[in-house]
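Peer 1: Structure provided below as structure tokens; questions to follow.
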Amino acid sequence: MRKIKYKNGIKVVPTFLEYTGLHTHVKTQLQLFVYDDLTLEEFNDFKSSEISKHIINNKVNWVNIHGLNDIEKIKSIGDCFHIDQFMLGDILNTTKRTKLEEHKDVLFFNIKSLLPSKDNKTISVEQISFILKDNLLLSFQEKKSDFFNHIRERIRTHSGIVRTQKADYLLYLLLDAIMENFYITIENEEDSVEELINLAKTSTNQDILVQVEKHRDDFNFLKRSLIPLRDSLYSIKSIKGDEIFEVIESKNFTFFDRLHQKTLELLEQIEYDLTTLESVSNFYFSTQSHKMNEVMKTLTVVSVFFMPLTFIVGVYGMNFDNMPELHWKYGYFVIIGCMFLLLLAMIYYFKKKKWY
């Protein structure tokens, strides 16, 4: 179970900035794409003080920041683009839930990106933040990752319509790439659940229940991550009628509607997977109960076989003098034969009735 833990003390001061994530060893680096339909410029690993001289106002400017450990560099980026201090705090605080904030000329998006870990046993979580302002898009990543590479290549090779659109369309592409990670994560979990279902059919190992609970926690964590994303994307619909807010073009609201539909689809799939896990648990307990019943049935049949034999032995074990069979020369063999025939008759009767 993943739990959010908050630190006490100095961190409660709103203007105090501190990176709370796990990737404290990642060096903060900047990457900048400046493009339009005809031209493209790309800058890598430059100083934050040099950003302003590369920005061109009438073109799309995508500033991608890898690594959030250098607080001073993050502050200088915030000063350069006049980013609110509270937004910088939310960018650095990885315990925050997915959120969307809208101001007159700025759209702030905070989202969790989930992927299976390298060993496929846990879920790796990375917080990614976006600030959309006019033709400027800032993206903040905790570490370098490759799930935006195809978008970079589309920009470099002028594939699709990305170079003909503004920064809001680029934000849509980046959010769509993050949502693809949810599909990958859910598919990986479903593959593990399918193996678990097959194992539950052949094994009574109690580790199956441990694995069921682990996957149930993972699916609930995915659900907790998707619900605020769904709500945030839904709230963009309300922006559509706001004439004052012009960061997202009217023609591009359809793309964000698609993202909202994807969250609904993902949540429905998660609910189905949770139901499947419940079925696995029920099947496991049913199998255990069935096997226990089979054992009890076998023991009962064996007991029934020996009950009349025990009765006969008990009768002839009584110490009475007036028992003619005790003094009969062939009495022992006759009784043993009768007991054997009685046992065969019971076995035949039970088989005929299909009681075992």
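Peer 1: With respect to the cross-link table entries Lys73/Lys144; Lys291/Lys353; Lys121/Lys262; Lys27/Lys112; Lys27/Lys262, which display a Cα-Cα separation exceeding 23 Å? It would help to have the intermediate numbers written out before the result.
Peer 2: Working: Lys73/Lys144 17 Å; Lys291/Lys353 21 Å; Lys121/Lys262 25 Å; Lys27/Lys112 20 Å; Lys27/Lys262 33 Å.
Lys121/Lys262; Lys27/Lys262, as the Cα separations exceed 23 Å there.
Peer 1: Sort segment 221-353 into rounded, prolate or oblate with this rule: let a ≥ b ≥ c be the square roots of the eigenvalues of the Cα gyration tensor; rounded if a/c is under 1.5, and if a/c is not under 1.5, prolate when a/b is larger than b/c, oblate otherwise.
Peer 2: prolate
Peer 1: Take peptides 216-227, 133-144 and line them up by average Cβ neighbours within 10 Å, highest first, as a rough protection proxy. It would help to have the intermediate numbers written out before the result.
Peer 2: On the way: 216-227: 18.2, 133-144: 19.8.
Top to bottom by mean Cβ count within 10 Å: 133-144, 216-227.
Peer 1: What does the helix-only formula give at 222 nm for the chain: each DSSP H stretch with n ≥ 4 adding -39500 (n - 2.57), the total divided by the residues, and the result rounded to the nearest 500 deg cm²/dmol?
Peer 2: -18500 deg cm²/dmol, from helical runs alone.
Peer 1: Taking Cα pairs under 8 Å and at least six residues apart, what relative contact order does the chain come out at, in percent?
Peer 2: Value for the chain: 14 percent.
Peer 1: How much net charge surrounds Phe148 when only other residues with a Cβ under 15 Å from its Cβ are counted (Lys, Arg +1; Asp, Glu -1)?
Peer 2: Values: positive: Lys143, Lys144, Arg152, Arg154, Arg156; negative: Glu42, Glu126, Glu142, Asp146, Glu153, Asp176, Glu180.
Within the 15 Å Cβ shell, the charges total -2.
Peer 1: Here is a follow-up. Using a 1.4 angstrom probe and counting only protein chains, how large is the accessible area of Tyr348 in Å², to 10?
Peer 2: Here the residue's solvent-accessible area equals roughly 150 Å².
Peer 1: A follow-up question, please. If you take every residue apart from Leu30 with its C-beta less than 15 Å away from the C-beta of Leu30, what net charge results, scoring Lys and Arg +1 and Asp and Glu -1?
Peer 2: Residues near Leu30 contribute 0 overall.
Peer 1: Using per-residue counts of other Cβ atoms within 10 Å, averaged over each peptide, order 177-187, 18-28 from highest down.
Peer 2: Taking the mean over residues of other Cβ atoms within 10 Å, the ranking is 177-187, 18-28.
Peer 1: Taking the Cβ of Ser159 as the center, what net charge do the other residues with Cβ under 14 Å away carry, scoring Lys and Arg +1 and Asp and Glu -1?
Peer 2: +2
Peer 1: Are there any helices in the chain, counted as whole DSSP H runs, that stretch 18 Å or more along their axis by Cα and score at least -1.0 on average by Kyte-Doolittle, and if so which?
Peer 2: 167-202, 207-239, 253-315, 331-353
Peer 1: Now for a different question. Normalising by the residue count of segment 210-318, find the relative contact order in percent from Cα pairs under 8 Å and 6+ residues apart.
Peer 2: Over segment 210-318, the number comes to 34 percent.
Peer 1: Another question, then. I need the Kirkwood Rh of the chain: take the reciprocal of the average 1/r across all distinct C-alpha pairs and report it in angstrom.
Peer 2: Mean inverse Cα-Cα distance, inverted, gives 25.6 Å.
Peer 1: Please give the contour-minus-distance gain from Leu274 to His158: 0.36 nm per residue of separation, less the Cα-Cα distance, rounded to one decimal in nm.
Peer 2: 37.6 nm
The values are calculated or read from the model by the stated rules, or taken from the named source; none is laboratory data. Owing to the predicted nature of the structure, the values given are computational and were not obtained by experimental measurement. Quick reminder, even Gly has a Cβ in these numbers, built from the backbone with ideal geometry, and neighbours come from all protein chains shown. Note: areas computed on protein heavy atoms with side chains; ligands, DNA, RNA excluded. Shrake-Rupley method; radii C 1.70, N 1.55, O 1.52, S 1.80 Å.
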